[in-house]
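Working notes, beginning with the structure itself.
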Amino acid sequence: MYVNIKDILSVANRNGFAVIACSPVDMEMARAMIRAAEEMNAPIIFLLGQNMMRRIATAELVIPMIRTMAEAVHIPIATSLDHGNDEERILYSIRNGFSSIMFDGSLYDLDENISKTRDIVRICHSLGMAVEGEIGHVGVAADGDNTNLSYYTDPDEACRFVSETAVDALAVSVGTAHGDYPKGVVPHIAFDIIERIHSAIPDTPLVLHGGSGSGDDNIRKAVESGISKINVVTDFLNAGRNYIRDTTASNPSVGYMDLMNGMEKAVASAVCHWIKLSGSAGKAGLYHFRDRFDSFLDKPVTSKSE
Ligand code: 13P
C-alpha cells in the first residue's frame, strides 16, 4: 500500500511505536528493505535526499519502482524527499510521485523557517501530500555536531513552529547527528527534551534523524520518550558495503548475481534488527486503509431488491 508519512506516523504516534525510514538507493536496497518490512509485518518509509537523487537514485526510476513494489505487498509504504531545501528539487520530487516532502529550513532563523515551511505545507496539503519540518538543527556526526547544544531543539519553539506551519511530523535535534560517529563514540540523547516536546505537542509525530550508530538502548529509550520515526541511512549502506568488501576479499571470483543476492540479504537482516528496535514489528495490521474507500461508497454495492 502506497501512502504518505502522515498516514503511517499518526498510527505509530497513537500506539507508541516508531517507524524506520531508510534510503533505497537502488533496486537491491529497495527490495531488501521491503522484504524485511514485509517479513516483520511492519510499515516502512523510504527517503531520498537531494544529493542522493543527483548521484545515484534518480527519482524518475526509483519512485515508480517503489510504487510497483508497494502495490504488491500489504504493509504501508511511504516515500519522502529528505532534507529538501531547494525549490527546484522539491518541485521535482512532487512531480515524480513522492507521497511526502521533508522541508529542512533548520539553518534559517525561526521566523524564516516557519514562513518557508508553511508555504511548502500549503502546496503539499493541497496535493494530498504530507510534510515533515525541522526545528533545531541535526548536523554531521564526524564534525561532533551531536554535542553542539546550540543545535538542540527548544521545546517552546517547537510548539510555535507546529502551530504556525501545520506540519505533519517534526524532526527534532536531541543529540544525534548524520553519518558515522568517530570510532568508539555513542551519542548522549537528551530524552528529557524529547519528553517535553512530546507532552507539549502530543499529536505531532516526532522524528529522530541520524539513527545510525546511536546505540540500541538509546533508540529503544528514544521511542519510549515519544519518537515516532527514526531515520537510518548510513548503517544500511555500511551493511551492504561490508558484505561486498568481505565477500570479494574471501572469494574474489564470486559471481556478480550471487554477490548482489547476498548483499540484499545482509541489508535485509540489518533492517529487521532496526524494525525490532523501533517497536514496529507486527504493527502493519493496525492500518485500515479500506476505511478511506468506504467513505466514498455511500450506497451498498448491491441493492436490497436484487
Ligand atoms: P544516518 O545516516 O546517520 O542514519 O542519518 C540518516 C538521516 O537522518 C537521514 O535524514
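The values are calculated or read from the model by the stated rules, or taken from the named source; none is laboratory data. Values in this document were obtained by computation on a predicted structure and should not be read as measured data. For neighbour counting, all protein chains shown are included, and Cβ atoms are generated from backbone atoms with ideal geometry for every residue, glycine included. Note: accessible area is taken over every heavy atom of the protein model, side chains too, but ligands, DNA and RNA are not part of it. Shrake-Rupley method; radii C 1.70, N 1.55, O 1.52, S 1.80 Å.
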Per-region count, the range 1-28, residues open to solvent by 10 Å² or more (accessible area, probe 1.4 Å), under 20 Å from residue 60 (Cβ atoms) and either part of a helix (DSSP H, G or I) or of a type in the set (Gly, Ala, Ser) (or both): 2
Test: residue in the range 241-249 that is in contact with a strand residue (DSSP E or B) (Cβ under 8 Å, 6 or more places away or on another chain) and surrounded by fewer than 23 Cβ atoms within 10 Å (Cβ to Cβ): no
Candidates 127, 107 - the one that is out of contact with any strand residue (DSSP E or B) (no Cβ under 9 Å at 6 or more places or on another chain), among the aliphatic types (A, V, I, L, M), under 14 Å from residue 172 (Cα atoms) and touching a residue at least 24 places away in the same chain (Cβ under 8 Å): 107
So residue 163, is it among the hydroxyl-bearing types (Ser, Thr, Tyr) and touching a residue at least 60 places away in the same chain (Cβ under 8 Å): no
Complete set of residues in the range 125-150 that are over 23 Å from residue 235 (Cα atoms) and surrounded by 14 or more Cβ atoms within 10 Å (Cβ to Cβ): 125, 129, 130, 131, 133, 135, 136
Test result for residue 156, open to solvent by 30 Å² or more (accessible area, probe 1.4 Å), acidic (Asp, Glu) and touching a Phe, Trp or Tyr at 6+ places or on another chain (Cβ under 9 Å): no
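So that you can scan it fast, the table gives a plain yes or no per residue for (1) among the polar types (S, T, N, Q); (2) over 15 Å from the mean Cα position of the chain (by Cα); (3) modelled with pLDDT of 95 or more; (4) under 25 Å from residue 115 (Cβ atoms):
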site	(1), (2), (3), (4)
21	no, no, yes, no
33	no, no, yes, no
53	no, yes, yes, no
64	no, yes, yes, no
68	yes, yes, yes, no
89	no, yes, yes, yes
98	no, no, yes, yes
102	no, no, yes, yes
Selection count, the range 250-288, where residues are surrounded by 11 or more Cβ atoms within 10 Å (Cβ to Cβ) and either of a type outside the set (A, V, I, L, M) or over 30 Å from residue 15 (Cα atoms) (or both): 21
Entirely in the range 150-241, the strands (runs of 3 or more DSSP E) that have 2 or more residues that are at negative phi, within 16 Å of the ligand (Cβ to nearest atom) and of a type outside the set (A, V, I, L, M, F, W, C): 227-231
